[in-house]
Each structure stands twice: as structure tokens, then as C-alpha cells.
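**Student:** Handing you a structure now.
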Amino acid sequence: MILELLEKEGPLSPGDAVSHLGAPRYKVLAAFQCLEELGLIAPLYKKGTYKIYQVTDAGVILRKASERSSIADQLYQAIQSLEALGSHVEGEAVAEDA
């Protein structure tokens, strides 16, 4: 919801997002903090504790991907890809030892 809002409206402060979403301030602030820690949003402007955020490229990619499938499906596919890559790499290591 916040990623979509930032993409649609452009850079916003958490206070602006509260006004747009009508959600409790503490929930929006917590969501902004989590999204920033995940690298999905980043501060565009900082002065003291006041920040204006924008969506990062990773945030755009994740939001667009979530339109096509659920986050759980995306995580499952990522795990499957990593497992396939891991078995491929292990196979090469064994072949090199032989």
C-alpha cells in the first residue's frame, strides 16, 4: 500500500502518507521503518528527524512482481532457483575433484 502510494504520488513523508491512507500514525511510521530497512524505500531528503522518502528500484520491482503473484509464491520460486543453482554448483565441484 505504501509502495503504491509513493509510486503514484511521488516522494512523501510518513506524515503525508498518514493523511493519504487514513491509517494510524504509529503503523505508518513502523511500515516506513521496515520498508527502509529492507531497502524498498530510501530517504530523498533529511533534516533532523524529518524525512521524505521515495521508492527504490527494488521497491518498484517487488511491487510489480506482487501484482503477478503472491509474496509466498515469489519466495518459493526464489528458494527453488537457489536450490537448483546450489545443486548445479555442487555438481561442478564434484566433477572438478574427479
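**Student:** With label points built 7 Å along Cα→Cβ from the Cα atoms of Ala72 and Leu38, find their separation and express it in nm.
**Tutor:** Modelled inter-label distance: 1.6 nm.
**Student:** Taking amide H positions as placed in the peptide plane 1.01 Å from N, state which residues far from Ser13 in sequence (5 or more) or on other chains have amide H under 5 Å from it.
**Tutor:** HN-HN under 5 Å from Ser13: Tyr53.
**Student:** Here is a follow-up. Ranked by Cβ crowding within 10 angstrom, fewest neighbours first, how are Lys51, Lys8 ordered?
**Tutor:** Lys8, Lys51
**Student:** Ok, one more. What residues have an amide H closer than 5 Å to that of Ile41, excluding those fewer than 5 places away on the same chain, when H is modeled at 1.01 Å from N in the peptide plane?
**Tutor:** Glu36, Thr56
Throughout, read-outs are computed from the coordinates displayed, never taken from laboratory work. Please read all numbers here as calculations on a predicted model, not as lab measurements. In this analysis, Cβ positions are derived from the backbone assuming ideal geometry, glycine residues included, and neighbour counts consider all displayed protein chains.
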